[in-house]
Structure formats: structure tokens, C-alpha cells
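Visitor: Let me give you the structure first, and then I'll get to my questions.
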Amino acid sequence: MKNELSIQKIQKKIISFLKEPILYLIIAIIIIQTIVYSKIPNGIIQADSASYIYNYNKESIFNGYVNNVRTPVYPYFIKVIKRIGGEANLSNNIAITQKILFLISIIFIYCTLKMLAKNKIIVSVLTLIFGICPTIIVWNATVLTESISILEMTVLAFITIKYLKKPSKIAAGLMGIVILVMILTRPAFIYLLPIYILFILLKWLLEKEERKKLIFAVISLLVCCMILVGYCFQVKRYYGTFNLTSVSGLNGFITAVYSGAYKDSSNTEMVKEIDELIKGEEITQGRTFEIYNEIEKTHSQKEISEFANESIKNNDKYKNFIINKFIEMGSKNITTSYIHVQDDNGKIICNYSELGALILPITFGMIYILLVVGIIYLVWYIIKYKQINWICAFFTSTIFANIFTLIFGAPFEEQRLFFPSVCMVILSAGTILGKISVSKENFLNEKNIK
């Protein structure tokens, strides 16, 4: 009898699993991804790739070494792959691993969407879009942090929504750990730390019954902060600036030069050096990096950073640059691809950026509207219900913080810098569509009753 009951339970689980859309979605996604990947090279090396591949080859972070340009997670990810598969096909093996890991991020997206929207069609369609959009999946074939960072973001979203739906000690404790890994993968993720600190603080004050669980989040965030502060002290010890990397100083300098704000600096010596390097030529994006490389030979990171900060502070040229950047971004799609399918003569026969815009037709202008509507909705919700809509607050704050960071923190490549938040946009869309679906269903039910 017991054996029969066990067999029946196993059969029910198998039937339940076979009914789950994710199984068929993954099969369809793998087929489409295989077609897309077959059209492009595997293990594509971009300009930034070398700084990841060749960092940490000799020195170890466990011996106190920190790199001035790159944080350790992705270089160590590469080291592990190199240890397993050797150096001969390193970039190819990195891409293969990233493609496999991306399939895991699809499962996290699907599971998170299921918590946000009850409608299987909405969940399935959005999961499919995420899994096949060329401007998302081509990054898996590139030796850069984009592929890993979107996996990390989907994991963080899953843990956060899981906690908001059903608070638990495990989900709370994992928050700080995941954020630490994310920041040490991509320092731009630093904006997540103040968001989660504020989130936990408000939860602690407003949701007293959750405090026993929130203590685990407090501990994990404290550990995260302590490790990051220690890491920054090591960077200061080696390179003289209290920061995660020198990239923020580089971005500030390039912004000052590209916007023309550098001309108003009181450091006339460096202004003269830059003018001599420009030689009256038009300042292009590529040229600004060349100028930085020359200035770096004669000035310390601290000097360059101070020069950049002083140049853009209360500077009208810089303000105009930011305003124009904000306006120009509005018409751009939130995703892009640096890779396109070409024929034997080098002619582009498939523009992945255009194809991606068709599959995921969302511009930054739409994101601006989404953020404004999200903020208004949050205020209305607080006034009406005297509480915070935590899910709306989560998506609105993280997307806003990323937009703010890429506008003020980096001069170029807005779409690439926004890339990790694409999953947040898709999840936010799932939440909105899910609510519309439920409202429509309730309205039809009421109409039928009448």
C-alpha cells in the first residue's frame, strides 16, 4: 500500500513537472539561442576584456592584493575556467560557461514572474522575450561582466521578491552576500547598497513582526559594508585613492574633457597639457581615452580625480552636457549590441540592435515615464493605505538608481551600463500586466454575476 502511494506521488510530481511551461520555454529558448549563437563568433574579445583576462594571474586577493582597474569576481571566474579547461580555448570556454549560466538566470526570471503575475501567458511571453532577445543573449558570447551581472541581478530580484512575498531568515541573510558579490563583480552596483540599507531600515521601523528575520539582513549588510570598506582601504594603500577602482576617476576625467568643463579648472597646468594633446582637434569619445592614458603617465590617480571633480563642480558646460545626455537617451532603446551578422564582404546582413528593439521595444523615454508613474503611485498608495507598496518601491528605486548612476557617473555607453537592469524592467512589466490581468478578470466576473 505504501509503495502504491509513493508511486502515485511520484507520478503526480512528474505530471505536474511536465505541465510546467518553463520546461518547454527552455527547450524553445535553447533552439533559438543556438541559431543566434551560430551566426556570431564565440568568446568575443572587446576592448575591456584583456584587463579581466590578465588581471590576478600572479597576485592573489587572499594575500591582500587588489587591482586598480578591476574588482576580483570576474577575473577569478576566468581563473577557475582557465584552471579547468586550460588557456588554449579560454575565451571560448568562458563564453560556453556564460551561456549555461544564462539559462539559470532564465529560470530565476520565470520563478520571479510567477510570484508577480498569476497569468501563465504573461509569465511565459516575458520569459521568452528575456531568453531570446539578441541584444540580451549576445553578451553571453563576450568576455565581459555583462552576462554574469544579469545573472546576479536576477538572483537578487528573486531573493528580494521572495522575501517581500514571504519573509524568511534565509532570504534576508542572502541579500547582503549577493550585493557584495555584485559590487565586487561590477562596482557600478554600489547604488544597491544604500537602497537596501534604507529598505531594511524602513522595514525594521514599520514591520516590527519581521525584526527577528530582518536581523539576518542587518548582519549580512554589515558584513558587506565592512568587506567593501576594507577593500577600499587596500586600494588606498596601493594606489592612494579610497575607492573600489580608478574607473570612477577615469569616468570623471573623460566627462570633464568631453564636455569641455576641464577648461574652467583652476589647475592651469593640467588644462594646458590637455589642450596640447587635443591640438585643436574635435574631441571624440575615443580621443578622450587616449588623452587620459597620456595624462595618467604624468599625474597620480588622486590628482586626476581631484582635477575631474573640481572641473565639473558647478560648471555650466557640465550641466548642459548632462541635460543633453538625458534628452538624447530618451529616444534610445534600453538594449544594444556591438555585434552584428556580416557576410563574407563585411556587409551587415542582420543588425542585432534593430532586431532587439523589435523584440523588446522599450526606450529610455518609456523608462522615464515608468519611473514618474511609479513614484506617483507610491505616494498615492502611502496616502490611501498608510503603508508602502514594497514591490513597486523595489523596482522603482533600483531602476531609478541605475539611470541616475549612468547619467552622472559615466560619459558613454548608457545601454551597456543599464543592461543588468533590463531584467528589472521585464519583471516590473510583469507586475503591471499581472495587475491589469487580475483587474480585467475581476471586472468580467462581476459583470457575469450581475
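Here's the yes/no breakdown for (1) in a helix (DSSP H, G or I); (2) open to solvent by 70 Å² or more (accessible area, probe 1.4 Å); (3) at pLDDT below 90:
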{"position": "LEU370", "(1), (2), (3)": "yes, no, no"}
{"position": "TRP380", "(1), (2), (3)": "yes, yes, no"}
{"position": "GLN387", "(1), (2), (3)": "no, yes, no"}
{"position": "ILE399", "(1), (2), (3)": "yes, no, no"}
{"position": "GLN415", "(1), (2), (3)": "yes, no, no"}
{"position": "PHE418", "(1), (2), (3)": "yes, no, no"}
{"position": "VAL422", "(1), (2), (3)": "yes, no, no"}
{"position": "THR431", "(1), (2), (3)": "yes, no, no"}
{"position": "ASN442", "(1), (2), (3)": "yes, yes, yes"}
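Visitor: Now a separate question. Is it fair to say THR288 is surrounded by 12 or more Cβ atoms within 10 Å (Cβ to Cβ), in contact (Cβ under 8 Å) with a residue 24 or more places away in the chain, in a loop (DSSP other than H, G, I, E, B) and touching a helix residue (DSSP H, G or I) at 6+ places or on another chain (Cβ under 7 Å)?
Guide: no
Visitor: Still on this model: So, in segment 179-212, of the ones that are of a type in the set (Lys, Arg) and more than 27 Å from the chain's Cα centre (by Cα), which residue ends up farthest from ILE391 (Cα to Cα)?
Guide: The initial filter retains those residues of segment 179-212 that are of a type in the set (Lys, Arg), namely 186, 203, 208, 211-212.
Now restrict to residues that are more than 27 Å from the chain's Cα centre (by Cα): 208, 211-212.
Values: LYS208: 19, ARG211: 19, LYS212: 21 Å.
Among those that are of a type in the set (Lys, Arg) and more than 27 Å from the chain's Cα centre (by Cα), it is LYS212.
Visitor: Looking at the structure I just gave you, is VAL247 β-branched (Val, Ile, Thr), touching a helix residue (DSSP H, G or I) at 6+ places or on another chain (Cβ under 7 Å) and either under 15 Å from ALA188 (Cα atoms) or surrounded by 21 or more Cβ atoms within 10 Å (Cβ to Cβ) (or both)?
Guide: It is true that VAL247 is β-branched (Val, Ile, Thr), touching a helix residue (DSSP H, G or I) at 6+ places or on another chain (Cβ under 7 Å) and either under 15 Å from ALA188 (Cα atoms) or surrounded by 21 or more Cβ atoms within 10 Å (Cβ to Cβ) (or both).
Visitor: Further, regarding this structure: Quick check on this structure: which one of ALA141, ALA171 is aliphatic (A, V, I, L, M) and in contact with a strand residue (DSSP E or B) (Cβ under 7 Å, 6 or more places away or on another chain)?
Guide: Residue meeting the stated conditions: ALA141.
Visitor: Counting only residues that are open to solvent by less than 50 Å² (accessible area, probe 1.4 Å) and of a type in the set (S, T, N, Q), which one in segment 254-276 is nearest to HIS299 (Cα to Cα)?
Guide: Going through the qualifying residues, I end up with SER265.
Visitor: If a residue has to be modelled with pLDDT of 85 or more and acidic (Asp, Glu) to count, how many in segment 36-52 make the cut?
Guide: 0
Visitor: Can you say whether CYS224 is farther than 30 Å from TYR24 by Cα and either of a type in the set (Asp, Glu) or in contact with a Gly (Cβ under 9 Å, 6 or more places away or on another chain) (or both), as far as the supplied structure shows? Reasoning before the result, please.
Guide: Values: farther than 30 Å from TYR24 by Cα: yes; either of a type in the set (Asp, Glu) or in contact with a Gly (Cβ under 9 Å, 6 or more places away or on another chain) (or both): yes.
Yes: the conditions hold for CYS224.
Visitor: Tell me which residues, restricted to segment 153-196, are of a type in the set (S, T, N, Q) and assigned to a loop (DSSP other than H, G, I, E, B).
Guide: Listed by number, the residues that qualify are SER168, THR185.
Visitor: When you check PHE326 against the structure, is it surrounded by fewer than 18 Cβ atoms within 10 Å (Cβ to Cβ), modelled with pLDDT of 85 or more, among the aromatic types (Phe, Trp, Tyr) and farther than 25 Å from TYR239 by Cα, yes or no?
Guide: So PHE326 passes the test.
Visitor: Show the residue pairs meeting these rules: Cβ distance below 6 Å; 6+ apart or different chains; first residue within segment 327-355 and aliphatic (A, V, I, L, M); second residue open to solvent by 80 Å² or more (accessible area, probe 1.4 Å) and at pLDDT 75 or above.
Guide: Note: pairs meeting the criteria are VAL341/LYS39.
Visitor: Right, another one. Filter segment 258-297 down to the residues that are polar (S, T, N, Q) and touching a Lys or Arg at 6+ places or on another chain (Cβ under 6 Å) and list them by number.
Guide: Across segment 258-297, the qualifying residue is only SER259.
Visitor: Give the residue that is farthest from LYS263 (Cα to Cα), with candidates limited to residues of segment 300-311 that are surrounded by 16 or more Cβ atoms within 10 Å (Cβ to Cβ) and touching a helix residue (DSSP H, G or I) at 6+ places or on another chain (Cβ under 7 Å).
Guide: Taking the candidates together, the pick is GLN301.
Visitor: Here's a follow-up. Keeping to segment 35-76, report how many residues are part of a helix (DSSP H, G or I), open to solvent by 80 Å² or more (accessible area, probe 1.4 Å) and among the hydroxyl-bearing types (Ser, Thr, Tyr).
Guide: Total meeting the criteria: 1.
Visitor: Looking only at residues that are over 12 Å from VAL36 (Cβ atoms) and among the aliphatic types (A, V, I, L, M) in segment 132-149, which one is most open to solvent (accessible area, probe 1.4 Å)? Before the answer, list the steps.
Guide: Taking segment 132-149 as the starting set, the residues that turn out to be over 12 Å from VAL36 (Cβ atoms) are 142-149.
The next check asks that each one be among the aliphatic types (A, V, I, L, M); those that pass are 143-144, 148.
Details: VAL143: 1, LEU144: 2, ILE148: 18 Å².
By that ranking, first place goes to ILE148.
Visitor: Any residue at all in segment 344-362 that is of a type outside the set (Asp, Glu), within 25 Å of LEU206 (Cβ to Cβ), open to solvent by less than 70 Å² (accessible area, probe 1.4 Å) and assigned to a helix (DSSP H, G or I)?
Guide: No; the residues of segment 344-362 include none that is of a type outside the set (Asp, Glu), within 25 Å of LEU206 (Cβ to Cβ), open to solvent by less than 70 Å² (accessible area, probe 1.4 Å) and assigned to a helix (DSSP H, G or I).
Visitor: Looking at LYS165, LYS169, LYS208, LYS213 in this structure, which one is open to solvent by 40 Å² or more (accessible area, probe 1.4 Å) and without any contact (Cβ under 8 Å) to a residue 12 or more places away in the chain?
Guide: It is LYS208.
The values are calculated or read from the model by the stated rules, or taken from the named source; none is laboratory data. Values in this document were obtained by computation on a predicted structure and should not be read as measured data. Don't worry about glycine lacking a Cβ; one is built from the backbone with ideal geometry, like all the others, and counts go over all protein chains shown. Surface areas here come from the heavy atoms of the whole protein model, side chains and all, with no ligands, DNA or RNA. Shrake-Rupley method; radii C 1.70, N 1.55, O 1.52, S 1.80 Å.
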